[in-house]
Every structure is written in structure tokens, then in C-alpha cells.
1. Would you mind listing the distances between the B:ARG329 label point and the same position in each other copy? Use 7 Å along Cα-to-C-beta, nm, one decimal, shortest first.
2. Of the peptides A:275-281, B:102-108, how do they stack up when ordered by the mean number of other Cβ atoms within 10 Å, highest first?
3. PRE reach from B:GLN98 (point 7 Å along Cα→Cβ): which of the stretch B:192-220 fall under 20 Å by backbone N?
4. Please grab the % of Cα pairs in the stretch B:184-337 that end up more than 28 Å from each other.
5. Please state, rounded to one decimal and in Å, the Kirkwood hydrodynamic radius that the stretch A:170-220 gives when every pair of distinct Cα atoms enters the mean of 1/r.
6. Alpha carbons only, please: Rg and Dmax for the protein assembly as shown, in angstrom.
7. Out of the stretch B:303-355, which trypsin sites (Lys or Arg not before Pro) are coil in DSSP terms and have no more than 13 other C-beta atoms within 10 Å?
8. With a 1.4 Å probe, how much accessible area is buried between chains B and A, both sides summed, in Å² to the nearest hundred?
There are 2 protein chains.
Amino acid sequence: MTRSQSRTRLMLSLVAEPGDPRLVAWRERCDPVELWHAVVRGAPEIPDRWHAGAADAASRVDGVLRRADEVGARWVVPGSPAWPVALDDLDQVDGIGQVTGAPLGLWVRGGGDLTSIAAAPVAVVGARGSTTYGAEVASDIAADCADQGHAVVSGAAFGIDACAHRGALLGGGPTVAVMACGVDVEYPRTHAALLRRIAEEGLVISEFPPGAEPQRHRFLVRNRIIAALSVGVVVVEAARRSGSLNTLHWADLLGRTTMVVPGPITSQASCGTHLAVRDGKALLVTSGHDVLADTFGIVDADLPAIGPGARRVWLRLGAEPQPVEQLARALRLGTVPVLRALRELEHHDVVARDERGWRRETRVTNREGGVG
Amino acid sequence: MTRSQSRTRLMLSLVAEPGDPRLVAWRERCDPVELWHAVVRGAPEIPDRWHAGAADAASRVDGVLRRADEVGARWVVPGSPAWPVALDDLDQVDGIGQVTGAPLGLWVRGGGDLTSIAAAPVAVVGARGSTTYGAEVASDIAADCADQGHAVVSGAAFGIDACAHRGALLGGGPTVAVMACGVDVEYPRTHAALLRRIAEEGLVISEFPPGAEPQRHRFLVRNRIIAALSVGVVVVEAARRSGSLNTLHWADLLGRTTMVVPGPITSQASCGTHLAVRDGKALLVTSGHDVLADTFGIVDADLPAIGPGARRVWLRLGAEPQPVEQLARALRLGTVPVLRALRELEHHDVVARDERGWRRETRVTNREGGVG
């Protein structure tokens with residue numbers, strides 16, 4: 001990825017709204033530099049608004065970069081070593097409504113290391129209008145995930161999202177706030193201190209340029225990033241029609257593990273989560289332990305002992321043996337860390353190997369009690 | 001069924017503990033009268049305790065019948081018109097632990113009509129140590145089922161069971177208490193008034209003879225009757241190891257619809273219900289409406305309009321057409337009530353017929369909202 005391509009993607013992101021299906025259609029036909037040229041010259045089929053904004057974008061780009069620099073934010077694009085490859089999965093699915101596609105790039109603000117944070121993150125999201133119960137539960141689950149080494153991804157909104165971030169920070173793990181506005185925009189205003197804290201210990205990220213205001217549509221666009229970045233998504237509370245169910249839908253589409261926390265059936269705030277279970281759209285989870293067991297599919301007894309990196313490798317293993325090189329390629333990791341993870345898994349007797357490679361060692365989960 | 005066979009079954013129930021697997025083994029080899037003769041003469045392989053109790057049983061039988069008469073209880077046996085044929089399913093399954101088989105007969109106390117009550121009952125059971133939440137929910141769900149014409153079956157225990165009975169009575173429907181002691185034994189003592197009320201408007205039933213005390217083992221034996229009698233079983237609250245999960249297990253074994261109500265994950269009383277969902281042993285339900293929709297499988301919109309008798313017929317229908325006579329035989333009903341039910345279902349466009357008979361008209365359930 002050349003510096004010019006990175007800058008071109010940035011300029012494109014200033015003329016075209018992230019998630020726009022036309023952006024995906026164009027990217028299938030040409031590379032970003034060719035697309036930018038088409039935008040500048042106002043080629044046929046280029047939306048008028050893109051062409052009209054081109055000159056402005058070109059003049060704004062340095063100011064935007066300066067602003068980013070002021071808040072310690074960097075622009076990361078696909079193909080760069082820091083790029084979370086999980087986001088590329090967004091180009092493999094159809095999208096929801098008028099939202100689709102991987103982002104042109106990401107603004108990343110904060111002290112956290114995006115690559116290690118992106119190793120095996122879990123999203124904890126939910127209603128803005130949460131109950132005390134939901135707030136407590138979101139915080140506990142996030143703390144448990146963080147304690148086990150998993151970054152917690154959420155949307156920095158009121159209610160469940162804020163509790164998820166706070167729980168992760170309390171759990172001693174990094175947390176990622178995915179914004180529906182610029183990474184320099186303190187939204188909601190009362191979360192200014194929380195956002196600064198997240199940026200210090202984790203990351204605040206966005207595909208919207210610095211200065212971009214949160215707009216209604218942008219929350220739905222943002223939700224796909226939360227889902228794509230995460231290995232599993234858990235919704236703690238959601239009313240019947242709720243933005244967090246949109247995030248769950250993205251997770252489902254992307255093949256992420258979809259989970260919800262139940263609550264009292266007398267609580268409107270748990271209505272959407274119960275419906276998701278009834279509709280077979282999500283698993284029911286009752287703890288951070290359930291979240292990790294369901295997301296990473298490791299037998300319960302071994303879960304606490306196996307680190308997050310090894311869990312990610314485990315996820316890629318199946319009944320058929322795979323060579324280390326193939327696993328590393330699929331995970332876009334070097335063979336050394338993959339082999340280290342496999343040794344760790346081997347130590348816990350959950351993998352087996354033969355001359356063809358590594359596979360899962362299937363054992364029966366032995367939960368205490370139950371109706372059986 | 002002759003009067004002598006009925007009396008023989010009664011005497012057998014005085015020597016052999018209900019649910020004893022040896023009773024099933026013997027019943028497969030000979031009829032009750034032959035078995036009784038073997039018990040009396042102390043044939044080889046007859047348990048000593050049965051033989052030792054035979055003389056006593058023969059002398060007790062008139063006293064037992066007198067006692068039953070005093071509390072308005074009758075002895076009903078398989079093959080009699082009042083027998084709930086659903087209980088025969090117990091002879092088709094293996095059983096749980098050391099409990100198995102259909103009862104020798106049932107003591108039935110109260111003003112309700114067992115045959116009509118047994119048309120399409122729903123069991124609502126749960127923890128003795130219920131929370132206020134569980135109590136409220138059990139009462140609401142039972143009231144909704146009763147209001148829709150379904151008898152509510154439960155175990156008359158403290159907590160959820162009592163709330164289920166009370167809710168059904170409030171909902172204006174009959175309710176059935178299945179006892180782990182004689183139908184004349186007021187257990188628990190503080191439920192004496194409730195049990196009398198149930199007997200007035202519904203039924204108190206038991207396979208244990210009048211005077212029998214509740215013993216620990218008998219609750220597990222009793223649970224299979226609750227499950228077998230019902231079309232669906234819903235557990236409202238249950239700790240990780242709970243008797244109501246045993247009832248749920250029986251329901252699962254018998255092919256009844258198994259359901260649980262979720263609750264706060266912070267509540268120990270909902271631990272067992274959540275585990276049942278996670279283990280795929282039960283559906284999650286959030287209302288009486290969910291219970292009826294899941295139990296009778298009728299598309300949501302039509303549910304309130306279709307009566308309980310028609311719902312029972314609907315349950316027997318499939319994608320392949322069946323003649324009315326075949327349906328009536330399977331349901332052990334006359335062709336006239338079955339035809340009446342089919343006409344009702346036809347009116348709601350949920351069945352179709354051709355020259356081969358009647359089948360379900362498949363339509364897509366259209367739930368509002370959801371994550372899809």
C-alpha cells in the first residue's frame with residue numbers, strides 16, 4: 001500500500017459516505033486511485049455529489065490529517081500491517097438495507113495496539129435505555145472477557161455500551177469504541193472522560209473522518225464495523241426494535257457467534273433479546289464464561305487456561321487436519337505464533353496432529369447438572 | 001374393563017409402589033388379574049414385599065374405597081372412558097432412573113371432567129423457592145392458558161406450582177393438581193384451602209391411594225404424570241438441580257413440548273431454566289401466548305381464535321393428508337368432534353383437504369420485528 005493509495009482512500013472517504021453500496025460496486029471495477037480519477041473528472045455513473053465534493057475533499061485532506069494528529073489518531077487502510085483483516089469479511093456479504101462493504105480505511109485513536117486487540121475481540125452491545133440489571137450484567141460480562149485477555153468492542157453509547165467499556169477497563173483489558181462520528185468528536189458529550197480513558201488504554205476507531213458529526217444513518221453503518229471486528233457479539237438488553245439487534249444481524253450475516261443475555265420477561269428492555277433466541281438468531285448466554293465458551297467453542301473446563309490467541313487459532317481448526325502453513329495463511333499470521341498457539345492447545349489436550357497437520361480433538365462438554 | 005379388573009389394579013397399587021420398573025416388566029407378561037394371583041400365591045420372581053402385602057391389601061381395599069368416597073374421589077383405570085389416554089404414552093418410553101411405566105390407575109377427586117380437562121392441558125411447574133418475579137410470571141402464564149380454554153396442570157407445591165393453580169383459577173379455567181400423596185392428604189398443609197378450591201373447580205389426582213403420605217421418591221414418580229398428562233410443559237423457575245427439571249426431562253422423553261421462562265441471569269432461581277435452553281432441552285417462552293403457540297404450533301395470528309379442542313386436532317395433522325377416521329383413531333375421539341375441529345381450523349385457513357384427507361396448510365409465521 002503506497003502513501004498515495006492511502007491518501008486516495010482518505011479523499012474518497014471525504015466524498016462518499018461509508019457503507020454506500022455504490023462504493024462497493026465501484027471498488028469491484030477499479031482500484032481506489034482509478035476511482036478517484038473518475039470522481040475528479042466526473043465520469044459517467046459517478047454520483048454527482050461525489051464529483052461535486054472532489055475539489056473540496058482534496059483541499060480538506062491536509063486539515064483533516066492535522067486534526068487527526070492533534071488527537072493522536074492515525075489513518076489505517078486495508079493491506080497495511082495494522083489493518084484488522086476481519087473487516088475484509090464485509091466485502092463477502094450482501095449487506096443490510098442500503099449499507100454494505102468493508103471500509104475504505106479506519107481512523108484509529110489511542111494507545112492500544114490494533115493488531116493485538118483485533119486478535120480475538122468480543123463485542124458487548126445493547127440498549128441505550130438499559131435497566132440497572134442490564135448495566136450490571138454488561139459490566140460483569142465485559143470484565144470477565146477482558147480478564148481472559150479479550151478486547152471488548154462496543155459503541156460508546158449511553159446504557160449498555162458505556163457499561164461494557166467500563167467493565168472491560170475494570171477487568172484490566174483493552175476496549176475499543178467504534179464511533180458513528182469522528183474519533184475526535186466527544187459523543188455523547190457526557191462520555192467525554194470515558195472516551196479519553198478508552199483512548200488511553202484501548203482504542204477509539206471510526207471510518208468517519210475527524211470532525212464528522214454523528215448522524216442517524218451513521219449508527220447503522222457503524223454497527224457493521226462492531227460486528228465484523230469481533231469474533232462474537234453479545235447483546236445484553238434490546239427492546240423489540242433496537243439498534244443492537246441490527247449489530248446482531250450483521251454478526252449473523254458475517255458468521256460471527258451471536259449471543260444474547262436473557263432477562264425478566266416483564267422487562268421491555270429484554271424483549272428483543274428473548275425474541276432473538278426464539279427466532280433462532282442467537283444463543284442464550286448467562287455469563288462471560290458462556291460468552292467465551294460459545295464464541296471460541298472450547299470445552300468449558302479448559303477455557304480459563306487457554307489464552308485468547310490460542311482460542312483464535314482453535315476457531316480455525318476442524319475435524320480435518322490442516323498444516324501449520326495453511327492455518328497461518330488463513331489467520332494471516334506467521335507460522336511461529338500459530339505454532340506457539342497449537343502447542344498451548346496441545347498442552348490442554350484439545351488438539352491432535354498427524355502427518356497431515358493439526359485438528360480438533362473432540363471431547364464431550366461435561367456441564368454439571370442439566371435436565372439430561 | 002370389568003369391575004373386578006379395576007379392583008385388582010387397585011389392590012396391586014396397594015402392594016407395589018407406582019413407577020416400579022418390576023410392575024412394568026410383569027404387566028408385559030400377564031394381565032393385572034393374573035399378576036395379582038401370582039402376588040397372592042407368592043410366585044417365583046414376585047418381590048417378597050408384594051407377596052407379604054397381599055393379604056393386607058385385600059383387607060384394606062374396602063377401607064380405601066370408603067375413604068375415597070368420603071372426599072369424593074373415584075378410581076379410574078386404563079380402558080375406562082374417563083381414562084386420559086395420554087398417560088399410556090408412559091408405557092412407550094424407557095423411564096428415568098428407577099421410575100417407569102403408566103400408572104395402574106388414578107384417584108380422581110373433584111368436580112372437573114377429566115376427559116374434557118385432558119383434551120389439551122398445559123403444565124406450569126417450577127421451584128418451591130420461587131422469587132416474586134417467578135410467582136407473578138407463573139400466575140400470568142397460567143391465567144392466559146386457562147383463559148384460552150386450556151387446563152393447567154401442576155403439582156400443588158409451594159412457590160411456582162401454587163401460583164400456577166391460582167393463576168388458572170383466576171383465568172377462569174380448570175386446573176389439575178397431581179399429588180405425590182393421596183388425594184385426601186392436604187399437603188403441604190398450608191395449601192389445604194387451595195386444594196379444596198382446586199377440587200371444586202378442577203381436579204386433584206394421584207396414583208397413590210388415599211391416605212398415602214408424600215415421600216421423597218414419590219415426587220419424582222408423580223412428575224411423570226404431570227408431563228404425560230400435558231401437551232406442553234413450561235418451567236418458570238428452577239435452580240440448577242430442581243425437581244421441575246425432572247418433569248421437563250419426562251416431557252422431553254414423552255415428546256411433549258418443553259419450555260422454560262427466562263429470568264435475570266443474576267437469579268439462582270432461573271439458573272436451571274437458562275441451562276435447559278443452552279442445552280437445547282427447552283424452548284424459551286415469554287408469555288402464555290408463546291406457550292400456546294409453541295405447544296400447538298399454530299401461526300401466532302390465529303392462535304387466540306382457535307379453541308383448545310381444535311388445537312389438539314391440529315397437533316396431529318401433518319404435511320401428508322390423513323382421513324378423518326385415522327385422525328379420530330389416533331386421538332381416540334369420535335369422528336364428529338374431530339370433524340367439528342377440522343371445520344373450525346378450516347375457517348382459519350390453517351388446514352387444507354383433498355380426496356385423501358386433511359393436512360396442515362403451511363404458512364409463514366409473521367412475527368413483528370426480530371433481527372431478520
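1. The answer, with the shortest distance listed first, is 6.2 nm.
2. On the way: A:275-281: 18.9, B:102-108: 25.1.
Result, highest mean first: B:102-108, A:275-281.
3. Hits in the stretch B:192-220 for B:GLN98 at 20 Å: B:207-209, B:213-220.
4. 34
5. Taking every pair of different Cα atoms in the stretch A:170-220, averaging 1/r and inverting gives 11.2 Å.
6. 31.9, 108
7. Numbers: sites: B:ARG311, B:ARG312, B:ARG316, B:ARG329, B:ARG332, B:ARG340, B:ARG343, B:ARG353; in loops: B:ARG332.
When the trypsin sites (Lys or Arg not before Pro) of the stretch B:303-355 are filtered for loop state and at most 13 Cβ neighbours within 10 Å, B:ARG332 remain.
8. Numbers: alone 16750 and 16770 Å², together 30540 Å².
The summed interface area works out to 3000 Å².
The values are calculated or read from the model by the stated rules, or taken from the named source; none is laboratory data. Because the structure is a prediction, the values reported are computed rather than measured. All Cβ positions, even for glycine, are placed from backbone atoms using ideal geometry, and neighbour counts span all protein chains on display. Keep in mind that these areas ignore ligands, DNA and RNA; they rest on the heavy atoms of the full protein, side chains included. Shrake-Rupley method; radii C 1.70, N 1.55, O 1.52, S 1.80 Å.
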